[in-house]
Amino acid sequence: MTALVAIAVLLSLFGFIARGVARGKTTALDRCVTLALQSSVDPSRPIGPAWAQEAARDITSLGSIIVVVITTAAVAGYLFLAHKPGVAWLMLLAVGGGIALNNLLKLVFARQRPDVITPSARVFTTSFPSGHATLSAIAYLTIGALLSRASPSAAISLYLMVLAVFLTVLVGFSRIYLGVHYPTDVLAGWCIGAAWAILCWVLMAWLQSQGQVEPAGALTTTTASISPDLRAHSGLSSERDCEHHLYPQRGLRSRGSGSCAHSPHIERARRAGASDRDPNWRRARVLSEACRQ
């Protein structure tokens, strides 16, 4: 419910900004902020030393389509190798859909780039909303959410999400600093990008709860995580036996999916008085422990 409220708020804010842009109500503020960030001596250069301008160009590239696509493909490749194809495809669709949505919005609004200064970077598309701000919000927030859900501690999860937000904000500010976007372009890009990312998170969580997508955990259970001693203790003589008992309903093709058929039954069996004298209990308990390794 909180996520849906956040989406509604972000979309409402985007609509408010878009209405102001369409009616020209934000023009004065946009021009004032844009000019304030430019040198009074040479309006074609941003304020600050020359290295700051070069640094801004480096930072702004983090939100370009090329960098976002490469980063997304790299993370998707890792997810495929980690036997999480569902999560990988969802992330690819989230970023691909975000690129399509941003291009559609640019076509609809067709706002011209800032003309009060000479931009410090080359541009090829219309201005509203900022593509760099939108794509960085979608890609980095989605990747940050995936990694944080898979992290072993709350502190690491918080660090990853703060880092994702920081990168998104940094990319957006660099667009304003370089004079290639008005502030409202970037704000709108953040709003629509964050709303799209949250929507994709909600969809992913729902699919995971329905068993249609692999769990979010980073560590997956395979036969390699079950040592020979554990196999002997549980009465399993081979990796094939391990596969059969780890994934009895999904078969060998679910290897590495992270699902364990025994974990939900462990506590009930313990309350029923099961002990290590029972080979079935012993097997289920050892395999459940392997699922958490």
R0 of 51 Å, Cβ-Cβ distance Ser40-Leu203: FRET efficiency to nearest 0.05:
0.55
Determine the sum of side-chain charges near Pro129: Lys and Arg each +1, Asp and Glu each -1, restricted to other residues whose C-beta is under 11 angstrom from that of Pro129.
+2
For segment 51-81 and segment 8-36, distance of Cα centres in Å
27
Amide H neighbours of Gln38 under 5 Å, counting only residues 5+ apart in sequence or on other chains, H built in-plane at 1.01 Å?
Ile47
Give me a comma-separated list of calculated 3J(HN,Hα) values for segment 47-56, in order, Karplus coefficients 6.51, -1.76, 1.60 applied at θ = phi - 60°, integers in Hz, x for any Gly or Pro.
5, x, x, 4, 5, 5, 5, 5, 4, 5
Could you run the Debye sum over the Cα atoms of segment 145-214, one equal point scatterer each and no solvent, and tell me log10 of I(q)/I(0) at q = 0.14 Å⁻¹, two decimals?
-0.58
Determine the equivalent ellipsoid of segment 2-209 by diagonalising the alpha-carbon gyration tensor, then write out the semi-axes as square roots of 5 times the eigenvalues, largest first, rounded to whole Å.
31, 19, 15
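Only the coordinates and a few stated rules stand behind these numbers; no lab work does. Since we're looking at a predicted model, the values are computed, not measured. For neighbour counting, all protein chains shown are included, and Cβ atoms are generated from backbone atoms with ideal geometry for every residue, glycine included.
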